[in-house]
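Pasting a structure here, questions to come.
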């Protein structure tokens, strides 16, 4: 990625989880931390390469079929153990 005519940013307050993930991404890609950060920002704002295809699940919405065995198993998860909630 060429950095001609680019802006300079200083970003503060990066949470440790983001720092670790970004550094791991840079190592895995063999890139500098700066290059990995620029790539992650570009992906995050939707300007990196080809746009990501998103799926809205509209093709399967409303197709749930009732299943007594599943409903029975899930009903067990809805029971509250009163002794645990004292």
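Matching residues to (1) over 27 Å from the mean Cα position of the chain (by Cα); (2) within 30 Å of residue 14 (Cα to Cα):
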{"residue": "29", "(1), (2)": "no, yes"}
{"residue": "56", "(1), (2)": "no, no"}
{"residue": "59", "(1), (2)": "no, no"}
{"residue": "62", "(1), (2)": "no, no"}
{"residue": "71", "(1), (2)": "yes, no"}
{"residue": "81", "(1), (2)": "yes, no"}
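Restricted to the range 30-41, and to residues that are part of a loop (DSSP other than H, G, I, E, B) and out of contact with any helix residue (DSSP H, G or I) (no Cβ under 7 Å at 6 or more places or on another chain), which residue is nearest to residue 6 (Cα to Cα)?
Among residues in the range 30-41 that are part of a loop (DSSP other than H, G, I, E, B) and out of contact with any helix residue (DSSP H, G or I) (no Cβ under 7 Å at 6 or more places or on another chain), the one nearest to residue 6 (Cα to Cα) is 31.
Quick grid of which residues meet (1) surrounded by 10 or more Cβ atoms within 10 Å (Cβ to Cβ); (2) part of a loop (DSSP other than H, G, I, E, B); (3) at pLDDT 90 or above:
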position	(1), (2), (3)
12	no, yes, yes
28	no, no, yes
46	no, yes, no
54	no, yes, no
61	no, yes, no
64	no, yes, no
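Condition check: touching a residue at least 12 places away in the same chain (Cβ under 8 Å) and under 22 Å from the mean Cα position of the chain (by Cα). Does residue 38 satisfy that?
In short, yes.
The values are calculated or read from the model by the stated rules, or taken from the named source; none is laboratory data. From a predicted model like this one, the values you see are computed outputs, not experimental measurements. Positions of Cβ are generated from backbone atoms using ideal geometry, with glycine treated the same way; all protein chains shown enter the neighbour counts.
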